[in-house]
Amino acid sequence: MAPRVLSRLKPSPLSAAIWLLVMAGALVTASDQQTNANDGLALARVLPKGALAYLQVRDGRQLFARWQRSPVRNRYYASDSYRAFRRSRLWAKLNERLTEFETGAGLTLTEDTIARLIGKTTAVALYDMGKLELVAVTELSAAQAVTTPLLAQKAQFEMRATPSGQPYLVRELATDSGRRRQGLCVAMPPGKLIVTTTEALMQRTLDNLGGQSDDHLLATMAATLAVADDFTPHDLTLWTDLPRLRQQVYFGYYWIQGAKATALNGIEATLADIEFTTDGIQERRWSLTTGHPQPAAVTAEQQTAVEQLLGAAPFAVVETWPENAAERVAPLVVQAVALSPPRTDSVLRTEVRNVDDDVAELAGRQGRYQKLDARFDRDLDDPNAPAVSGTRPTTPLRPPNPLEAELVLLLRAAQPTCVVRLGATKADGRSPFVTFERAVAICCARPLDVKAYESLMARAIQQRYFVAGTLPPVGWETSPGGVTVPRAKTALERCGAYFLSRGVMVIASSAAYAEYLKARLTKAERTDSAVTYNPSAQRQAVVRLRALAPDYRRVVRMIHPQAGTGLTPLEDTTGDESVAFLEQNIPSLLTVVESFDVVTMAAVAENNRLVEHIHYRFTPSTVTGEPVLVPGQ
């Protein structure tokens, strides 16, 4: 039996599968076809203006067939992450909407049904999330279109025509639990199959076929295409009107970072292109922005050190700013050396709260919603629903840190403009524990006063680790490897060890990690030929998933020994509480994408555009032994 989409068997290709095609599609190879950007976006000239997002697949039928044969598909469907998604309110909401359209159309959306509906070049434009107002266009011949499952239900539709005489089929449906009427429409102009979920969208789409109307999405995309001068459409292309998308209630409630994420500020629209290659996925993004300042330059010597550091840790992020970034860098140093301020009596007293007080505060803040239940679902689509009452407290999340304030003053004199954040895990086979290592490498325009750093760090160590009245003197000593470590009566291995190399100051969470990084920087050859530092980038990152995954799973097993055990049957629960996020959801995703080895990202700001390049690189699976690539034919 074919797996039903949005049933108890398989997910919706309109939601999860689309993004899995993007992220897990690295298991397929792509043809070398290159097209002109505008020619490659011809379907955008057919779809009406006003879309929140536009997704295009260069060869939908072939790519969907590859997805169905992909081992990643099977691993995802068997994962705890997918089971958690099927317990979510988002799943229930989307399932409800699509079931209404399925009932009206007289067919069941299985993956096999979708495969028979998709032609070659295929595009989908989304106009409203809650109402599922969308237009889908695929390239099919008339002979192919009449054999699709949708056209097999032709007798249930009514034939109508646009004012210009373009024919189409329509079926009136009751949606949103009967609160709304929508028209499911189908048309078969020469060489195409068009499906819309409102009659107005169908009429506007058909009017665009003549090429005389300017009511087409390509005109809206023109400003973004103008800043994407090196754009060429490959396997998948996605365009989003980000400001309008952020205004959608669903985006604000369900997107993990929230619609108010500051990283999205200033971005007017984004064009993303996905290319599946023999070694992974190449994703390129062009964002139309209100302008970003150019990052400050770093010296050639510092560039060499930064590139070496990018290859030295499983997790590394480089950030470059156009101005003195002392206020940004100081908290990163405190985090790396783990010297939080000592707790005072006043801080301790504020943490002693009555449970009833917490419940009352929560009720006042959340107001109408104590959980995402049926009332939340109704109000989400109701513009006249009561607003959420109450406001969040404005008290600071953490007490001020004197060390951080002193570091800001010290760093301002050195003018830091570039910082590298490094992270790694270390497991000792003789111990059940996993050690988390961190480091910060700082590139400054002027020499940093290391003696002043040692002095303020020594005071912080005394205040944090010794009882008043018994403060031993804290000095500093340099190891044979060139790492400077604080010392009281003995060496303090995890209290701000540092070293200088190639114009960069590296501060590590432990002396051992500092020694390791110092040795990597001392080597003349590059540590990772696949990672190249781009000094023009505002942000650059490297994540080595395969290196991080084993220790993550080990930590999870220690925290939650029952992780990975049996789940509550889906029929017996409507929540996702039986799938723990950290203990089950995330480890299962690591298994799904186990073929992915390294993910690299670089973001370059140029005038009114932001260009991002992400490479998802994979290698053959070491766990299952499955072939990574699925044949393209």
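The values are calculated or read from the model by the stated rules, or taken from the named source; none is laboratory data. What you see is a predicted model, and the numbers here were worked out from it, not measured in a lab. Reconstructed Cβ throughout: ideal geometry from the backbone, glycine too, with neighbour counts over all protein chains shown. Heavy atoms of the whole protein, side chains included, go into the accessibility calculation; ligands, DNA and RNA do not. Shrake-Rupley method; radii C 1.70, N 1.55, O 1.52, S 1.80 Å.
If I go through region 122-132 residue by residue, how many of them are under 19 Å from Ala145 (Cβ atoms) and touching a helix residue (DSSP H, G or I) at 6+ places or on another chain (Cβ under 6 Å)? Spell out the reasoning first.
In the first step, residues of region 122-132 are kept if they are under 19 Å from Ala145 (Cβ atoms); the result is 122-124.
Those still in the list that are touching a helix residue (DSSP H, G or I) at 6+ places or on another chain (Cβ under 6 Å) too: 122-123.
Here the count works out to 2.
Conditions tested, residue by residue: (1) free of Cβ contacts under 8 Å to residues at least 12 places away in the same chain; (2) buried (at least 21 other Cβ atoms within 10 Å of the Cβ); (3) farther than 25 Å from Leu41 by Cα.
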{"residue": "Leu134", "(1), (2), (3)": "no, yes, no"}
{"residue": "Glu158", "(1), (2), (3)": "no, no, yes"}
{"residue": "Leu173", "(1), (2), (3)": "no, no, yes"}
{"residue": "Arg180", "(1), (2), (3)": "no, no, yes"}
{"residue": "Ala200", "(1), (2), (3)": "yes, no, no"}
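Going through Glu571, Glu583 one at a time, which residue ends up being part of a helix (DSSP H, G or I), modelled with pLDDT under 75, under 22 Å from the mean Cα position of the chain (by Cα) and not basic (Lys, Arg)?
Working: Glu571 fails: under 22 Å from the mean Cα position of the chain (by Cα).
The match here is Glu583.
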Could you count how many residues in region 584-601 are open to solvent by 20 Å² or more (accessible area, probe 1.4 Å), hydrophobic (A, V, I, L, M, F, W, C) and within 22 Å of Phe276 (Cα to Cα)? 5
Among the listed residues Leu173, Leu184, Leu169, Leu151, which satisfies the condition of being touching a Ser or Thr at 6+ places or on another chain (Cβ under 7 Å) and of a type outside the set (S, T, N, Q)? Leu184
Sort out which residues of region 237-286 are modelled with pLDDT of 85 or more and out of contact with any strand residue (DSSP E or B) (no Cβ under 8 Å at 6 or more places or on another chain), and write them in order of number. Arg244, Thr277
Under the condition of being out of contact with any helix residue (DSSP H, G or I) (no Cβ under 8 Å at 6 or more places or on another chain) and over 30 Å from Ala223 (Cα atoms), which residue from region 592-620 is modelled with the highest pLDDT? Arg617
If you check every pair at least six apart or on different chains, which have Cβ atoms under 7 Å apart with a residue in region 448-462 that is under 19 Å from Ser501 (Cβ atoms) first and a residue that is in a helix (DSSP H, G or I) second? Leu448/Ala414; Asp449/Leu410; Asp449/Ala413; Tyr453/Leu410
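Quick grid of which residues meet (1) assigned to a strand (DSSP E or B); (2) closer than 18 Å to Thr122 by Cα; (3) hydrophobic (A, V, I, L, M, F, W, C):
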position: Gln144; (1), (2), (3): no, yes, no
position: Thr148; (1), (2), (3): no, yes, no
position: Lys154; (1), (2), (3): no, no, no
position: Met159; (1), (2), (3): yes, no, yes
position: Tyr168; (1), (2), (3): yes, no, no
position: Ala174; (1), (2), (3): yes, no, yes
position: Gly183; (1), (2), (3): yes, no, no
position: Pro189; (1), (2), (3): no, yes, no
position: Leu193; (1), (2), (3): yes, yes, yes
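Would region 235-242 turn up any residue that is part of a loop (DSSP other than H, G, I, E, B), in contact (Cβ under 8 Å) with a residue 60 or more places away in the chain, open to solvent by less than 50 Å² (accessible area, probe 1.4 Å) and touching a helix residue (DSSP H, G or I) at 6+ places or on another chain (Cβ under 7 Å)?
Residues of region 235-242 part of a loop (DSSP other than H, G, I, E, B): 235, 241.
From the residues that got through so far, the ones that are in contact (Cβ under 8 Å) with a residue 60 or more places away in the chain too are 235, 241.
Right, trim to open to solvent by less than 50 Å² (accessible area, probe 1.4 Å) and you get 235, 241.
When the remaining residues are screened for being touching a helix residue (DSSP H, G or I) at 6+ places or on another chain (Cβ under 7 Å), the result is 235.
Yes, there is a match, as at least one residue in region 235-242 is part of a loop (DSSP other than H, G, I, E, B), in contact (Cβ under 8 Å) with a residue 60 or more places away in the chain, open to solvent by less than 50 Å² (accessible area, probe 1.4 Å) and touching a helix residue (DSSP H, G or I) at 6+ places or on another chain (Cβ under 7 Å).
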Answer with yes or no whether Val359 is more than 24 Å from Ala603 (Cβ to Cβ), in a helix (DSSP H, G or I) and either among the small types (Gly, Ala, Ser) or at pLDDT 75 or above (or both). no
